Amino acid sequence: MGTEAQHDHVGSLRSRRPREKRTTHLVYTVEQVAALLDAAWACEQRHHIHMFVMVMLSTNARVEAVLELDKDTQVRDGRIYFNAPGRQQTKKRRSIVPVCPTLAPWLETHRGRAIQWRKPCTDPVTGAQGFNLVPVDSIKTAFEKTLIAARPCGQATDKTGAPLWLPPRRKLGETAPRPKLVGLGSPNTLRHTASTEMHRRGVPEAQIETAAGHRGLGTNQKHYRHLRPEYLGDFIDGVESFWADVGRHTDAHLRYQNHRSGERPTHCKPKNSKSMS
């Protein structure tokens, strides 16, 4: 498409929403997962996306269950109890999943909700730049931006399938329109990816379904089965095998081996607080 034609396309279509993406059968490759983790960790305000990806791929849990996960009340004895205390179990079951070795160190980073956004702030006393941790109920926008940064993305289209373009950014010296990018997949694609990878690694179907919440336990088992040492053992082995493959492309999944993970939060003090000598 020539430059003039592109300009015409921008003028006529840039205000239209991109066509809805079909992501039901989409899964990410090991290389794409590595790129996604790298992109999330490269931007401090996307570290909650990094944590989200780690938990999703380590547990095969539901998106809502991961977003609502409170580590203080739902992680104990080496297991994640995705159905919070006092919450009524529904048809979309929330399971109990052992914490795999790769995920365990990341669950020690901060207290409270596992998925918390680092909101930038300035300390009113010292003027130092820092951030406050803020729980999030939705990560669609941040996940989309991370996908685009990691390049599992494509050009957005309109309802007719025609590609969408954005006007050039003159301040950056651009002279031609650029494609409007849209991430491929959604947060739930991570769940499909986890299930697919476990099948590829020969994990028994029953264990995959139990971790995903598709398989309930009998009356005599539901209170005790998860306490057995072998509970979801093959599933955890499969998860660790998956992380080993990811490790061929990045170290962003390894907290202690990754020198960047040694960073500690710098929280801003309330405006009425005083500096400590």
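The values are calculated or read from the model by the stated rules, or taken from the named source; none is laboratory data. Here the structure is a predicted model, which is why all the values come from computation and not from measurement. Heads up, the Cβs are rebuilt from the backbone with ideal geometry, glycines too, and the neighbour counts pull from every protein chain shown. Ligands, DNA and RNA are excluded from the accessible area calculation, which covers all protein heavy atoms including side chains. Shrake-Rupley method; radii C 1.70, N 1.55, O 1.52, S 1.80 Å.
Which one is farthest from residue 232 (Cα to Cα), of the residues in segment 94-128 that are part of a loop (DSSP other than H, G, I, E, B) and among the charged types (D, E, K, R)? Step by step, filter segment 94-128, then rank; the result is 123.
Residue count for segment 63-78 satisfying the condition of being open to solvent by 40 Å² or more (accessible area, probe 1.4 Å) and among the basic types (Lys, Arg): 1.
Scanning segment 25-64 for residues that are touching a residue at least 40 places away in the same chain (Cβ under 8 Å) and over 18 Å from residue 149 (Cα atoms) yields 25, 26, 55, 56, 57, 58, 59, 60, 61, 62, 63.
Just one of 8, 77 is on the phi > 0 side of the Ramachandran plot and at pLDDT below 95; which is it?
Answer to the check: 77.
Among the numbered conditions (1) part of a helix (DSSP H, G or I); (2) open to solvent by 50 Å² or more (accessible area, probe 1.4 Å), the only one that residue 91 does not meet is (1).
Any idea which residue in segment 100-136 is farthest from residue 198 (Cα to Cα), counting only those that are open to solvent by 40 Å² or more (accessible area, probe 1.4 Å) and polar (S, T, N, Q)? By that ranking, first place goes to 126.
Scanning segment 148-158 for residues that are open to solvent by 40 Å² or more (accessible area, probe 1.4 Å) and either among the β-branched types (Val, Ile, Thr) or in a helix (DSSP H, G or I) (or both) gives 148, 149.
Quick grid of which residues meet (1) in contact with a His (Cβ under 6 Å, 6 or more places away or on another chain); (2) in a loop (DSSP other than H, G, I, E, B); (3) surrounded by 21 or more Cβ atoms within 10 Å (Cβ to Cβ):
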| site | (1), (2), (3) |
| --- | --- |
| 160 | no, yes, no |
| 168 | no, yes, no |
| 174 | no, yes, no |
| 185 | no, yes, yes |
| 189 | no, no, yes |
| 193 | no, no, yes |
| 203 | no, yes, yes |
| 206 | no, no, no |
| 209 | no, no, no |
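So, of the residues in segment 11-41 that are in a helix (DSSP H, G or I) and modelled with pLDDT under 95, which turns out to be surrounded by the most Cβ atoms within 10 Å (Cβ to Cβ)?
The selected residue is 13.
Given the criteria within 19 Å of the chain's Cα centre (by Cα), more than 30 Å from residue 231 (Cα to Cα) and surrounded by fewer than 13 Cβ atoms within 10 Å (Cβ to Cβ), does residue 140 qualify? When the stated conditions are applied, residue 140 passes them.
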